[in-house]
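Data first, discussion second: the structure below is written as structure tokens.
The values are calculated or read from the model by the stated rules, or taken from the named source; none is laboratory data. Values in this document were obtained by computation on a predicted structure and should not be read as measured data. Cβ placement follows ideal geometry from the backbone for every residue including glycine, while neighbour counts extend to all protein chains displayed. Heavy atoms of the whole protein, side chains included, go into the accessibility calculation; ligands, DNA and RNA do not. Shrake-Rupley method; radii C 1.70, N 1.55, O 1.52, S 1.80 Å.
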Amino acid sequence: MSGTGANSFDGQALLRALRAALAFGCARTFAVFAVSVLFTFGNPLLGTASPAMALDFFKKADEEELAVADPLSYVVSFEAVNVTDDEAAALKNASNLVADADLPVSGSLGLLTKAGADRDGLVGRLYELARYGGVVDIRIAGRPLDSISPTEDFGRAGVVPVTIRIDGGRPFAFGRVAVAGDASDMGSALSGMVEGAPAYSTVILEEQARIVSDLKATGHPFAEVTDTIVEADHNNATLDVTLTVRSGPRADLGEASVSGAESVDAAFIHTQAAIVTGQPYTPEVLASAQKRLRELEVFETVEVREGEALDENGRLPVEIIVTERKHRYFGVGATFSNAEGAGVEGYWGHRNLFGRAEKLRVEGSVSRIGEADDLDGLNYSTAILFEKPAIYGPKNTFTANIRAVSENTNAFERRSVRGGFGIRHEIDKRQTLSAALDLDWSQIAERNRKTTHLIFSTPLEYEYDGSDNALDPKEGFRFSALLEPATDLANDAAFVKGRVTASAYFTPPDAGNVTFAARGSVGSIAGASLMSIPADRRFYAGGGGSIRGFAYQSVGPRNAAGDLTGGLSVVEGSLEARLTVADKFGVVPFLDFGNVSRSATPDFGNMRFGAGVGIRYVTPFGPLRLDVGVPLDRRKGEDPWAIYAGIGQAF
């Protein structure tokens, strides 16, 4: 890879995740320990690794378990000149000879093969650094690689010396850049490949992909870059690039076929995909169809594949290929807390009740075992949940539920039966809008009084998720707004509860190992006095999802006897710096703050503050979270610290 004049080469050569939750906390000064064991009927509740992740796993297992035939050891030295320190480090990291120096190769031929592949990889890495006049010189036992016969035997030499010397040469810049073919007008849209810009090979590949993507987005399903000619002028250190692009015909979508469905109705799959014959082709239409089908949670895999040729009507056929999951599942769990006692829970569910991805889930739990003085002091909960997608269109989902609760907290005791139904509408891939009708009968006992309520409410909720990851966001913005008008039919009272929550995430481009995250939330209840509002509907603060460092629902107004009363408004906020300190581990210092007020007007003063630090361990289904927080303005009777755990970031 050296010389003067012009050279040319072919530029073309260039889980479903399962969500789970495990939490433990501290309500006094001791940690709470929680263990959850989940089972699925016919299908373990395990996440699926990506192909690359599975490949790495088995590769490592093979290397550890399989003996190397005719093992030969080597020692390697590495030198890179005429490059920056960062470029030298990148080249060294790209060398498999260096990375695997502690592992024996399979004989002399194995060493020669590894060295040849390493040279090709290092040449490619130089191209990525815009160095097209560099030289990669690899020698084995002092001899140039190209001069060694494949039958050479290094076995008698003991540990074989290997040297890698790289001369980076001059960095190249783009010279003449052109787009040819029937999409030659795309040349004016090139952004990275401009004269004088660094001629990184990765930029060439990115521009090829972007041109094809742009053409497909305008309805050309068979767009492709058919040829890439790259000419390196070593005298001037410039790179001339010509991309030949074929846009292909513009096409509408044709018939969509379904294969692989067993118990899920194929006609329903077709309806939910919402691929309409005759609508213009774009990759976004197919990607949206695939996303909607995956979100049904009845399929193990979903592939929406465009046809390889147009049909007789000049339209592009589409094939929907699915494999189904086991539809029945159940789970059991157990928890223990020194402050709240033991608990048991269980659930049973069906993901495809009537053949059109209807979900039914029955669940129940008992807690405060060992903490309560009698059976009446235990916490009980049972619920039946139902969900039916594709109601009057693929973007609408019908939901219904009924739940019975017997709850004992530090602030109140509650016995409740609540049921309702509603519609969730997908506005687009980032926005949803939900509306429901709820009826809730409850009996609530506070310290000095007992009340009965029958509340009819119509909760409305809007959600926007512009983040890049559900469990571990690094960029983007989230926003939600809840408005719930309610009428207490048993007490002739009416009120409106509202809450707005927003969070933002930012990872500086020059500091990819840290993500800054912020969250803020404001809520208010208007229309009735504090004591006219049922205790379970008021605002409280404190705990793992609120102000860390404080016990659950321990922050808020109290009466003259010191009992928690809750409030009519709440303000909460959190700041985090999510630092990656190793491949799988992270450290997260955080500051939480908030306040609950008796007034319906949020009080941004008199904030309570909690701070602490957490650790994260990265898994395929999201980071495992462990946070320890302390109250910065601890008051008499409050715990000195608290611990929280779960899966996914705190917000």
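Could you go through the range 607-627 and let me know if any residue there is in contact with a helix residue (DSSP H, G or I) (Cβ under 9 Å, 6 or more places away or on another chain) and over 15 Å from Q553 (Cα atoms). Yes, that holds for at least one residue. The residues listed here are D627, D603; of these, the one that is acidic (D, E) and in a loop (DSSP other than H, G, I, E, B) is D603. Only one of these is within 29 Å of R430 (Cα to Cα), open to solvent by 60 Å² or more (accessible area, probe 1.4 Å), among the acidic types (D, E) and in contact with a strand residue (DSSP E or B) (Cβ under 7 Å, 6 or more places away or on another chain): E255, E262, E284. Name it. Within the list E255, E262, E284, the selection yields E255.
Of the strands (runs of 3 or more DSSP E) entirely within the range 128-245, none holds at least 3 residues that are of a type in the set (D, E, K, R) and within 39 Å of the chain's Cα centre (by Cα).
Scanning the range 198-214 for residues being open to solvent by 30 Å² or more (accessible area, probe 1.4 Å) and of a type in the set (S, T, N, Q) gives a total of 2. Screening the candidates T238, T218 for the property of being farther than 30 Å from L353 by Cα, crowded, with 18+ Cβ neighbours inside 10 Å and not aliphatic (A, V, I, L, M) yields one hit, T238. Which numbered condition in (1) under 27 Å from the mean Cα position of the chain (by Cα); (2) open to solvent by 10 Å² or more (accessible area, probe 1.4 Å) is the only one that A551 fails? Against the list (1) under 27 Å from the mean Cα position of the chain (by Cα); (2) open to solvent by 10 Å² or more (accessible area, probe 1.4 Å), A551 comes up short only on (1). Exactly one residue out of R119, R139, R176 is open to solvent by 20 Å² or more (accessible area, probe 1.4 Å), basic (K, R) and closer than 22 Å to D227 by Cα: that is R176. Of the numbered criteria (1) in a loop (DSSP other than H, G, I, E, B); (2) surrounded by 17 or more Cβ atoms within 10 Å (Cβ to Cβ); (3) not hydrophobic (A, V, I, L, M, F, W, C), the one N410 fails is (2). Out of curiosity, is V587 part of a strand (DSSP E or B) and under 15 Å from Y540 (Cβ atoms)? No: the conditions fail for V587. Taking the criterion of being in a loop (DSSP other than H, G, I, E, B), farther than 30 Å from A274 by Cα and among the hydrophobic types (A, V, I, L, M, F, W, C), the residues of the range 358-398 that qualify are A372, L378.
R403 falls short on exactly one of the conditions (1) part of a loop (DSSP other than H, G, I, E, B); (2) open to solvent by 50 Å² or more (accessible area, probe 1.4 Å), and that condition is (1). Which of the following residues is open to solvent by 10 Å² or more (accessible area, probe 1.4 Å) and either among the hydrophobic types (A, V, I, L, M, F, W, C) or within 17 Å of P473 (Cα to Cα) (or both): G545, G612? Unique residue meeting the criteria: G545. Checking each residue of the range 159-166 against the condition of being open to solvent by 50 Å² or more (accessible area, probe 1.4 Å) and under 30 Å from I211 (Cβ atoms) gives no match. Among the residues of the range 409-430 satisfying the criterion of being modelled with pLDDT of 95 or more and within 26 Å of the chain's Cα centre (by Cα), which is farthest from P534 (Cα to Cα)? My answer is H425.
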